[in-house]
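This report refers to the structure that appears directly beneath it.
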Amino acid sequence: MLTFDPTTTSGVALAGLFRTWCRLRGDDTEGEVSRGDMMSALGATFQNLGLVVGGPATQLDVPADHQVFTVIGLSCDHSDTLYVAHVIPGEYADAGAELATSEDHFGQWAATFTAPSADAAADMARRQVEDGALDGHTVVPTEPEEALREPSPAGSCATPSPSPAPNADPTLKWQRLAAALNELDNDGFALLFGDRMGAETNWYPAPYVYSGNRPDAPRTAWDRKKKKWVVEKR
């Protein structure tokens with residue numbers, strides 16, 4: 001019998017951690033789980049809840065004049081803009097139903113914040129989207145992926161990047177990527193590659209690149225909603 005609510009933000013994170021445990025364990029109920037894989041999943045869960053893995057335990061100390069709010073709104077598909085519709089006391093970012101359709105050029109968006117007021121929580125949400133962070137729970141419409149990638153018509157919130165020319169040789173771009181990775185590795189960042197899965201990825205695996213020995217360093221992750229790689233602050 002469950003003793004937590006799996007529809008709340010923290011409940012979804014805990015449920016996701018357990019699903020990861022089951023996946024790593026396999027069908028054998030007595031199967032062993034890799035300690036390294038489980039530690040990575042645990043760290044990702046903490047990050048999904050807004051905790052800095054390398055930070056102090058005092059992150060859990062909520063000021064007396066703060067409370068938890070859930071900010072709900074629409075995020076523009078082609079720009080870092082959030083239109084706030086409601087701010088509700090409590091953690092309900094993951095309790096919303098996923099719709100089969102959505103407004104043109106917008107996606108349903110919700111996230112939980114600890115703030116002194118509803119207005120402050122709304123401001124934090126807008127800044128988070130402007131910074132391109134993945135910490136919000138973005139509900140992606142269940143449409144074919146190719147339809148989501150179609151260029152928006154005139155009058156939409158922004159113009160998407162043009163597609164590469166047909167038959168263009170991408171070797172130079174791959175060489176630039178390799179050079180950037182080598183430069184970061186030579187600077188001592190000890191790059192690691194992984195997949196994460198949680199509310200911010202709509203429970204689909206999403207790849208990311210991070211520093212194995214610099215917990216304060218930014219990371220590069222695939223944003224499933226924006227369909228592009230973004231840089232995140234940790």
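At-a-glance table
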item	result
The listed residue being within 30 Å of Ala111 (Cα to Cα) and modelled with pLDDT under 90, out of Asp195, Asp187	Asp195
Selection within segment 1-36 - in a helix (DSSP H, G or I), open to solvent by 80 Å² or more (accessible area, probe 1.4 Å) and among the charged types (D, E, K, R)	Arg19, Arg23, Arg35
Any chance Glu32 is over 30 Å from Lys228 (Cβ atoms) and at pLDDT below 85	yes
All positions within segment 37-51 that are aliphatic (A, V, I, L, M) and open to solvent by less than 60 Å² (accessible area, probe 1.4 Å)	Met38, Ala41, Leu42, Ala44, Leu51
Residue count for segment 60-101, restricted to those that are of a type outside the set (A, V, I, L, M), at pLDDT 80 or above, part of a strand (DSSP E or B) and open to solvent by less than 50 Å² (accessible area, probe 1.4 Å)	4
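The values are calculated or read from the model by the stated rules, or taken from the named source; none is laboratory data. As the structure is a computational prediction, the values presented were derived from the model and not from experiment. Heads up, the Cβs are rebuilt from the backbone with ideal geometry, glycines too, and the neighbour counts pull from every protein chain shown. Calculation scope for accessible area: heavy atoms of the full protein, side chains included, ligands and nucleic acids excluded. Shrake-Rupley method; radii C 1.70, N 1.55, O 1.52, S 1.80 Å.
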